[in-house]
1. With only Lys, Arg, Asp and Glu charged, each at its Cβ (+1 for the first two, -1 for the last two), find how big the charge dipole of the chain is about the Cα centre; round to the nearest 20 debye.
2. Highest first, please rank the peptides 19-26, 46-53 by the mean number of other Cβ atoms sitting within 10 Å of their residues.
3. Taking a ≥ b ≥ c as the square roots of the eigenvalues of the Cα gyration tensor of the chain, is the shape rounded (a/c under 1.5), prolate (a/b larger than b/c) or oblate?
4. Of ALA196, ALA187, ALA229, which is the most mobile in a GNM of the chain whose springs link Cα atoms less than 10 angstrom apart?
5. Multiply the residue separation of HIS28 and ASP132 by 0.36 nm, subtract the distance between their alpha-carbon atoms, and state the gained length in nm to one decimal.
6. For a quick check, take a GNM of the chain with Cα springs below 10 Å and name the residue from PHE162, PHE130, PHE249 with the largest mean-square fluctuation.
7. Do you know the relative contact order of the chain, to the nearest whole percent, from alpha carbon pairs under 8 angstrom that are 6+ apart?
8. By how many nm would the segment from ASP255 to ARG188 lengthen if fully extended, with 0.36 nm per residue of separation less the alpha-carbon distance?
Amino acid sequence: MIPKRTLGKTGVEVTLMGLGGEGVLRSHGYDTEASDLINRAIDMGINYLESARAYDGSERYYGLALKERRNEIFLTSKSHARDKEGAMAHLEETLRNMHTDHLDLWQVHDVRTEVDIEDIFGPGGAIEAFADAKEKGLTRFIGVTGHQDPFILKRCIEIHDFDTVLMPVNPAEPAHASFIDMVLPVAREKNMGIVAMKVYFRGLAARVPEFESMQPYFRFALSHPVSTAVIGCNDTQQLEENVKFAASFKPMNHDEMQALVDHIAPYATQLMYYKPS
């Protein structure tokens, strides 16, 4: 059994691990592998499953795999459009791809700059589409995501009463402008559902010496007051390994967390800003 936590003011109970929309799901042409992954995740008890309009074939994979299983899960997706018309067009396409009449959570995707904020929250901005969609029942809840600048994400959740926030939570964060320090406290004050991402530094955690397992990073993220951590998986083997982490989760104490932060510090810049050549 995977433990559950409440997704903030939504009141929904979600599993400690959610299935992210990346990994094999951020691809085209892997219908069988994607379907196996999605259905195995549900079989193992995961109930938080996410995607995004920007994630290649991810939404389509969900539509093909879910079929009669839609009501077993909390289904989320995202729009990176900054205007109302573009966001509504994205939502229509998302619902079509996923073969559903509503999302459980629809999120403003990857807010990076002050210009993004001006566009999203200004007249005719995307936030109008999100508010309309919630009012019309096309989504139960709305959220916002960001992983570039914690100040920008903090501004978003101060400007609008979102239900959830998706943000990086990993031990490289304290070495930089930190989402953990800047965004997490504000989100908690507003009783938002807090979803952790980039738990494994986009898969780069394996570059850090001395760790044979990804479990310390998972434990670090879930030892913070987050509701769930979304993990993108390449195959069912990775999925099953992470489900074991979730099922056996024990929180780190402060000393354990600080030791991991200290160990990661020399690699933090590479992990946070690595760009393949």
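1. Working: 29 positive and 40 negative charges, 62 e Å.
The dipole magnitude comes to about 300 debye.
2. Those peptides, ordered most packed to least, come out 46-53, 19-26.
3. Values: a/c = 1.58, a/b = 1.18, b/c = 1.34.
Cα axes put the chain in the oblate bin.
4. ALA187
5. Numbers: separation 104, 0.36 × 104 = 37.44 nm, distance 3.13 nm.
Roughly 34.3 nm would be gained on extension.
6. Per the Cα network of the chain with a 10 Å cutoff, PHE249 tops the list.
7. RCO, the chain: 21 percent.
8. This chain segment gains 21.9 nm when fully extended.
We did not get these values from a lab; they are worked out from the coordinates using the rules stated. For clarity, every value in this text was computed on a predicted model and none was experimentally measured. Here the Cβ is made from the backbone with ideal geometry for all residues, glycine too, and neighbour counts use every protein chain on show.
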